[in-house]
């Protein structure tokens, strides 16, 4: 059987209606980070995102969500203490993405299609030469989706490696075409990618350390998950 990565996405703005429940699950470090957000909307989405993560991970390891403890790698990648379960999370605007595996190191990224990224020449600053050439060879109407297909793959790969900014975005190559199976090229030996379309105008990518693996991807109703947990308790 192929190793598997489970992928979920959730609407954080819908989940915020149960904000006190999510907040009650956070530890002191998460609560402190939440308090530093300047805008209430960003703070609430952070609380909901991390509360949902705890709820989901708690089901995998059969522990109370509030009892979970996390450690950070040398470049800030979180891991679950006293467990081999691998996970990663990302959120953009109201959408959160979670990747979880019992078998593989994983990374994920989701991004809203913000046209300012192209207007500010972000590709020229952060993409490799091959990727910039591929992007400019595309029709203008397709460049925004192609850029974010590539950007999410690159961010997910960096997050999977857990090396942070010590791994420059232009030091490896990924494919940019949004409508085909994503590919990883120079500098990505042993890793492979999948993509999902969690909502209109969003791109998302999942990276795992294996040449072949299967993905189970589905939307997550966070409020239903919370209700089931309350009933089970």
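The values are calculated or read from the model by the stated rules, or taken from the named source; none is laboratory data. From a predicted model like this one, the values you see are computed outputs, not experimental measurements. In this analysis, Cβ positions are derived from the backbone assuming ideal geometry, glycine residues included, and neighbour counts consider all displayed protein chains.
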What are the residues in the stretch 1-38 that are out of contact with any strand residue (DSSP E or B) (no Cβ under 6 Å at 6 or more places or on another chain), within 27 Å of residue 205 (Cα to Cα) and at pLDDT 95 or above, if any?
-> 3, 11, 13, 14, 15, 16, 22, 26, 30, 33, 34, 37
Out of curiosity, is residue 198 surrounded by 13 or more Cβ atoms within 10 Å (Cβ to Cβ), modelled with pLDDT under 95, within 18 Å of the chain's Cα centre (by Cα) and not in a helix (DSSP H, G or I)?
-> no
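Yes/no per residue for (1) in contact with a strand residue (DSSP E or B) (Cβ under 8 Å, 6 or more places away or on another chain); (2) farther than 20 Å from residue 199 by Cβ; (3) without any contact (Cβ under 8 Å) to a residue 40 or more places away in the chain:
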residue: 110; (1), (2), (3): yes, no, no
residue: 121; (1), (2), (3): no, yes, yes
residue: 155; (1), (2), (3): yes, no, no
residue: 166; (1), (2), (3): no, yes, no
Residue selected from the stretch 118-141 under the condition outside any helix (DSSP H, G or I) and out of contact with any helix residue (DSSP H, G or I) (no Cβ under 9 Å at 6 or more places or on another chain), by the criterion farthest from residue 15 (Cα to Cα) = 137
Kindly list the number of the only condition in (1) surrounded by 13 or more Cβ atoms within 10 Å (Cβ to Cβ); (2) in contact with a helix residue (DSSP H, G or I) (Cβ under 9 Å, 6 or more places away or on another chain) that fails for residue 179.
-> (1)
Unmet criterion (only one of (1) in contact with a strand residue (DSSP E or B) (Cβ under 8 Å, 6 or more places away or on another chain); (2) over 23 Å from residue 53 (Cα atoms); (3) surrounded by 11 or more Cβ atoms within 10 Å (Cβ to Cβ)) for residue 186 | (1)
Out of all the residues in the stretch 44-52, is one or more at negative phi and at pLDDT below 95?
-> no
